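Presented below is the structure to which this report refers.
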Amino acid sequence: MIAVALDIQTNRIPNVFIIISLIAGLSYQIHFLGFQAIPISILGTLFPIILLFPIFIARGLGAGDLKLFAVVGVFLSVMQYKKIVLIIFVSMGVGAIQAIILICVKRKYQPTIHFSIPILISTMLYLGGAY
């Protein structure tokens, strides 16, 4: 939720926030799985980056959004890669709905949206057991 507030307020997600979140995710994994969690957490961080990098290069996703997906990946680890992919797809769907609502409300096309909102919604839906 902090990332969403920062994104809406400043149009960016500071790297300091991302680094703190990545450290928190790695600490979470180490707490439950021990130090063998380090490589799977690193892979969990890299998995969404590698998967979404072509979209980022095509300017379909911002750097902060890509880094937020990396934070989701470190918390889930690469062992949960299917869930990471599912969160990404649900985020894309929520983002599409958000864009349609913005077009209908503002009556004009807006080239960018705060994609941190769909990432938060899809992650909360996953954590809440919706899928």
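If you scan the range 97-131, which residues turn out to be closer than 24 Å to Arg12 by Cβ, among the aliphatic types (A, V, I, L, M) and part of a loop (DSSP other than H, G, I, E, B)?
If the condition is that a residue be closer than 24 Å to Arg12 by Cβ, among the aliphatic types (A, V, I, L, M) and part of a loop (DSSP other than H, G, I, E, B), then Ile113 is the only one that fits.
With the condition kept exactly as written, say whether any residue in the range 57-68 is farther than 25 Å from Leu125 by Cβ, more than 11 Å from the chain's Cα centre (by Cα) and modelled with pLDDT of 95 or more.
Checking the range 57-68: at least one residue is farther than 25 Å from Leu125 by Cβ, more than 11 Å from the chain's Cα centre (by Cα) and modelled with pLDDT of 95 or more.
Name the pairs whose Cβ atoms lie under 6 Å apart, with the first residue in the range 72-88 and closer than 14 Å to Phe32 by Cα, the second assigned to a loop (DSSP other than H, G, I, E, B), and 6 or more positions between them or separate chains?
none
If you check Val94 against the conditions, is it out of contact with any strand residue (DSSP E or B) (no Cβ under 6 Å at 6 or more places or on another chain) and more than 16 Å from Val4 (Cα to Cα)?
Here the answer is no, as Val94 does not meet what is asked.
Identify all residues within the range 29-71 that are of a type outside the set (A, V, I, L, M, F, W, C) and either without any contact (Cβ under 8 Å) to a residue 40 or more places away in the chain or exposed (fewer than 12 other Cβ atoms within 10 Å of the Cβ) (or both); write none if there are none.
His31, Gly34, Gln36, Pro39, Ser41, Thr45, Pro54, Arg59, Gly60
Just to be sure before I move on: is Ile117 touching a helix residue (DSSP H, G or I) at 6+ places or on another chain (Cβ under 6 Å), more than 17 Å from Asp7 (Cβ to Cβ) and either exposed (fewer than 13 other Cβ atoms within 10 Å of the Cβ) or of a type in the set (Val, Ile, Thr) (or both) in the structure I sent? Lay out the reasoning, then the answer.
On the way: touching a helix residue (DSSP H, G or I) at 6+ places or on another chain (Cβ under 6 Å): yes; more than 17 Å from Asp7 (Cβ to Cβ): no; either exposed (fewer than 13 other Cβ atoms within 10 Å of the Cβ) or of a type in the set (Val, Ile, Thr) (or both): yes.
Here the answer is no, as Ile117 does not meet what is asked.
So Asp7 passes all but one of these: (1) under 18 Å from Ile84 (Cβ atoms); (2) in contact with a Ser or Thr (Cβ under 8 Å, 6 or more places away or on another chain). Which condition number does it fail?
(1)
If you take the residues of the range 6-44 that are small (Gly, Ala, Ser) and touching a helix residue (DSSP H, G or I) at 6+ places or on another chain (Cβ under 6 Å), which of them is farthest from Asp65 (Cα to Cα)?
So the residue we want is Ala37.
The values are calculated or read from the model by the stated rules, or taken from the named source; none is laboratory data. Values in this document were obtained by computation on a predicted structure and should not be read as measured data. Because the Cβ atoms are built from the backbone with ideal geometry, glycine has one as well, and the counts that use them run over all protein chains shown.
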